[in-house]
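To start, I am sharing the structure in question, which I have written as structure tokens.
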Amino acid sequence: MDTNNAVIYNAHETGDGHYIIQATLNSEKSLNALNQAMIDSLLPALERFEQDETVVAIVLDSMGDKAFCAGGDIVELYKAMKENPGQRQPFVQDFFVQEYSLDYAIHTYSKPIVVWGNGYVMGGGLGLFAGASHRIVTESSRVAMPEISIGLYPDVGGTYFLNQMPDNLGLFLGLTAAQMNAADCLQVKLADHFLLHEQKAQLIEALAQQSWTMDRDVNRQLVSHCVMNLEKTVYEQMPNGNIATHQAVIDDAVNQPSLAQTMQKIASWGDEDSWLKRAKRSMVNGSPLSARILERQLAAGKELSLAQCFKLELQLSVLSGEIGEFAEGIRALLIDKDNQPAWKFSDVESVDDALVNELFNPIWDDSSHPLKLKGA
């Protein structure tokens, strides 16, 4: 149908003359990392398809078998931040404005959006995934918010969706960047269905065989029916959940009376279990400032609407681009690759309260806020 270098669009005609649009992220080499070109393509395309009465549903997937989207293309952001360190960068602000506008559009879309979350779904990829009406995970799904490792915080709507998780698991996942499999995602309500990766073509074919209506709720039910018919044949092949396996240990950690004590409990875990070991290592090596931002954003997010969460995150991301922690994290992980970030603070107890307060002190009012969300 319509092709550019960043996203490939294919229209699948239904038997009753409608269309299912398959939008495919097209950067397999970068694990489909979300870049400016993808955002510039997807945002207006979704708006156009929403107005087109012949389009009844969207399937958002990616090239290759390794990743739906392994994060945002943060190297672009690093270059902008390093040009004028300590100053606000227009590119950084513009990138996050567009990214969050896209994420919000998916959350509030009037037509069904199926996101095929195969392989790595991380950071910016999770922002695309979390708001869809039908979120599919597969046998190879690896879903995480790894921002603590780069001196950021769980953005792309994390203020909202981490708060929707049961048992304070949002705090655990934000602190540890723990990778969730399909069962984990279903447990924390971050996915809706489990299918095998090989079933994607079957699903699109099933959707094309439906009789569609102009009713939003009926069409969503049609999609759910197609997915569940396929799901019931493979549900028993879903891997065992890591969170459920370690529920008691995780509960003990996240129910400590303070953030510092929670982190001390996680740091005290042994190395017998590889999943817990990796989660512990990510937290121990992560930014203490990021941990403090996470704690504060989760508390603030309980009282905020989805739109307000994204507006708060834009502020946090823009200011994070100024103070240097974010750039240092990217440098250590992706630029110099020495994995030796020089964080501003040695532990959460030494993080400057004034700095945390400054990050959350509004820098725009409603009229001047650069993030203008449709319908909000």
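Give me the pairs: first residue in the range 347-376 and of a type in the set (Asp, Glu), second residue at pLDDT 95 or above, beta-carbon distance under 6 Å, and six or more apart or on different chains, which are they?
These pairs meet every condition: Asp347/Pro288; Glu349/Ala260.
Going through Ser211, Ser149 one at a time, which residue ends up being in a helix (DSSP H, G or I), open to solvent by 20 Å² or more (accessible area, probe 1.4 Å) and at pLDDT 95 or above?
Criteria check complete, one pass: Ser149.
Something else now. Please name all residue pairs, on different chains or six or more residues apart, with Cβ atoms under 8 Å, provided the first residue is in the range 223-251 and is assigned to a helix (DSSP H, G or I) and the second residue is of a type in the set (Ser, Thr, Tyr).
Listed by first residue and then by second, the contacts come to Val223/Ser133.
Those residues that are of a type in the set (D, E, K, R) and either more than 17 Å from Met180 (Cβ to Cβ) or in contact with a His (Cβ under 7 Å, 6 or more places away or on another chain) (or both), I need them from the range 232-272; list them, please.
Lys232, Glu236, Asp252, Lys265, Asp271, Glu272
Now for a separate question. I need a count of the residues in the range 152-173 that are assigned to a helix (DSSP H, G or I) and under 13 Å from the mean Cα position of the chain (by Cα).
Residues that pass the stated criteria total 6.
Looking only at the range 81-115, count every residue that is touching a residue at least 24 places away in the same chain (Cβ under 8 Å), among the hydrophobic types (A, V, I, L, M, F, W, C) and closer than 25 Å to Lys337 by Cα and tell me the total.
4
Where residues in the range 270-311 are charged (D, E, K, R) and over 30 Å from Ala105 (Cβ atoms), which of them is most open to solvent (accessible area, probe 1.4 Å)?
Across the range 270-311, the extreme among qualifying residues is Glu272.
Of everything in the range 47-100, what is open to solvent by less than 20 Å² (accessible area, probe 1.4 Å) and in a strand (DSSP E or B)? Give them in sequence order.
Val55, Val56, Ala57, Ile58, Val59, Leu60, Asp61, Ser62, Ala67, Phe68, Cys69, listed by residue number.
Right, here's the next one. So, of the residues in the range 175-198 that are part of a strand (DSSP E or B) and open to solvent by less than 10 Å² (accessible area, probe 1.4 Å), which turns out to be nearest to Glu231 (Cα to Cα)?
Phe194
Kindly indicate the residue of the range 324-361 that is over 14 Å from Pro288 (Cα atoms) and β-branched (Val, Ile, Thr) and also surrounded by the most Cβ atoms within 10 Å (Cβ to Cβ) among those meeting that condition.
Filtering first and then ranking leaves Ile330.
Hey, does the range 124-137 have a residue that's closer than 20 Å to Asn285 by Cβ and assigned to a helix (DSSP H, G or I)?
No, every residue in the range 124-137 fails to be closer than 20 Å to Asn285 by Cβ and assigned to a helix (DSSP H, G or I).
Is it fair to say Met238 is touching an Asp or Glu at 6+ places or on another chain (Cβ under 9 Å) and at pLDDT below 95?
Considered against the rule, which asks whether it is touching an Asp or Glu at 6+ places or on another chain (Cβ under 9 Å) and at pLDDT below 95, Met238 comes out as no.
The values are calculated or read from the model by the stated rules, or taken from the named source; none is laboratory data. Here the structure is a predicted model, which means the values were calculated and not measured. Counting neighbours? That spans all protein chains shown, and the Cβs are built from the backbone with ideal geometry, glycine included. Heads up: the accessible areas ignore ligands, DNA and RNA and are worked out on the full protein's heavy atoms, side chains in. Shrake-Rupley method; radii C 1.70, N 1.55, O 1.52, S 1.80 Å.
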